[in-house]
Amino acid sequence: MKRFIFVVAFIAVASVFTFGQQKNAKLEATLIEMDKAWTAAELRGDMKAISTYIADDFWGTTTEGVVENKAQYLKGIKASKDTDVADDYSVRFFGPDLAVMTHRGTVKGEQNLQYRSTHVWVNRGGKRQIVAHHGSEGSADAAATTNAAD
C-alpha cells in the first residue's frame with residue numbers, strides 16, 4: 001500500500017512539473033515570436049506596432065552605451081531595407097510575470113554586423129511588454145571568428 005501511495009504521489013508531482021514546463025515552453029515560443037515581430041516592425045519603421053511591444057516605462061541601453069526612454073528610442077527608429085535574423089534565443093522565467101530573454105542577431109544590408117541583445121519582458125494585466133533592453137554590437141566577421149574558436 002505504501003508503494004502504491006508513493007507511485008501515485010510521484011506521478012502527481014511529475015505531472016505538475018511536466019505541465020509547468022509545457023506552459024513555459026509555449027510562453028517561450030510566444031515571446032520569441034513577439035521579439036521577431038518587434039524587430040520586423042523596427043525594420044519597417046512601424047511606430048504603432050513597435051509601441052505594442054515596448055512598455056511606456058521602457059528604458060534601453062543602446063549599442064553605444066546610451067540610456068534612453070521610450071520616446072527617445074522611438075525617435076531613433078527609421079525604416080530600413082536591411083535584414084535582421086535572430087537566433088540563439090534563451091528565455092528564463094522568474095515567476096509567471098517576468099522573463100529575461102537573450103539572443104543573437106545578424107544584420108545584412110547597409111552595414112553587416114552581429115549583435116547580442118537582452119530584453120526584460122513583463123506581464124501586466126495579460127499584456128506582455130519589454131520594460132528593459134540592452135544591446136551590444138560587433139562585426140559579423142569578428143563574431144564568426146569568435147564563435148569558431150569556441
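The values are calculated or read from the model by the stated rules, or taken from the named source; none is laboratory data. Predicted model, so just to flag it, every value in this text is computed and none were measured. Cβ sites come from the backbone with ideal geometry, for glycine too, and all protein chains shown count toward neighbours.
Structural remarks
- Scanning region 53-74 for residues that are in contact (Cβ under 8 Å) with a residue 24 or more places away in the chain, assigned to a helix (DSSP H, G or I) and more than 12 Å from His133 (Cβ to Cβ) gives a single hit, Leu74.
- Test: Asn123 is under 23 Å from Ile32 (Cβ atoms) and modelled with pLDDT of 95 or more: yes
- Cβ-Cβ contacts under 7 Å between residues 6 or more apart (or on different chains), taken from a first residue in region 75-87 that is of a type in the set (Phe, Trp, Tyr) to a second residue that is part of a loop (DSSP other than H, G, I, E, B), are absent.
- Look at region 104-126: where a residue is loosely packed, with under 14 Cβ neighbours inside 10 Å and a partner is of a type in the set (Asp, Glu) and outside any loop (DSSP other than H, G, I, E, B), sitting 6+ places away or on another chain with Cβ atoms under 9 Å, you get Lys108/Asp84; Gly109/Asp84; Asn112/Asp141.
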